[in-house]
Amino acid sequence: MNTLKWKRVYDRAESSDGDRILVDQLWPRGVRREQAALDGWAKDITPSKSIRQAYHKGRLNFDQFSRSYQKELETNPAFPVFVDDLGKRLSERDVTLVFAGKVAAETHLPVLRSQLEKAGVESEPLP
């Protein structure tokens, strides 16, 4: 099997990235579609607008945000579909999940990575 990687969308796209899938709800500021070089956009597995906004406005701390997002992923019918698609892509090439956040550990990415691991999809550590 190939490698699942993580990378900021602001970093230059490289052929070694393989398929590039954006895992943010909103389009990253200042990034042109050509620059992003995406092969997919997984909006439907990102945190809902309500918990994302509550976290950014300080109404949820990081632990509360993480627990809420984990519950969403566990009941989100799009997540198993995403996992299946990811598995098919990884059987053929590397895949890089791209995101906009400056500090990956303070975003939804640790929860997403954990849920992917529970589903049997191994990845490189978050940057």
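Worth a mention:
- Size descriptor, Kirkwood hydrodynamic radius, that averages inverse alpha-carbon separations across region 39-93, Å: 12.5
- Calculated mean residue ellipticity, 222 nm, the chain: -12000 deg cm²/dmol, from DSSP H runs (n ≥ 4) at -39500 (n - 2.57) each, averaged per residue and rounded to 500.
- Net charge dipole, region 33-119: roughly 400 debye, given to the nearest 20, about the Cα centre with Cβ charges of +1 for Lys and Arg and -1 for Asp and Glu.
- For the pair K57 and Y10 in one chain, pulling the backbone fully straight at 0.36 nm per residue adds 14.5 nm over the alpha carbon distance.
- Taking all C-alpha pairs of the chain, those more than 24 Å from each other amount to 23 percent.
Readers should treat all values here as calculations from the given coordinates under stated rules, not as data from a laboratory. Worth saying up front: this structure is predicted, and the values here are computed from it rather than measured. Please note: Cβ atoms are built from the backbone with ideal geometry, for glycine as well, and neighbour counts cover all protein chains shown.
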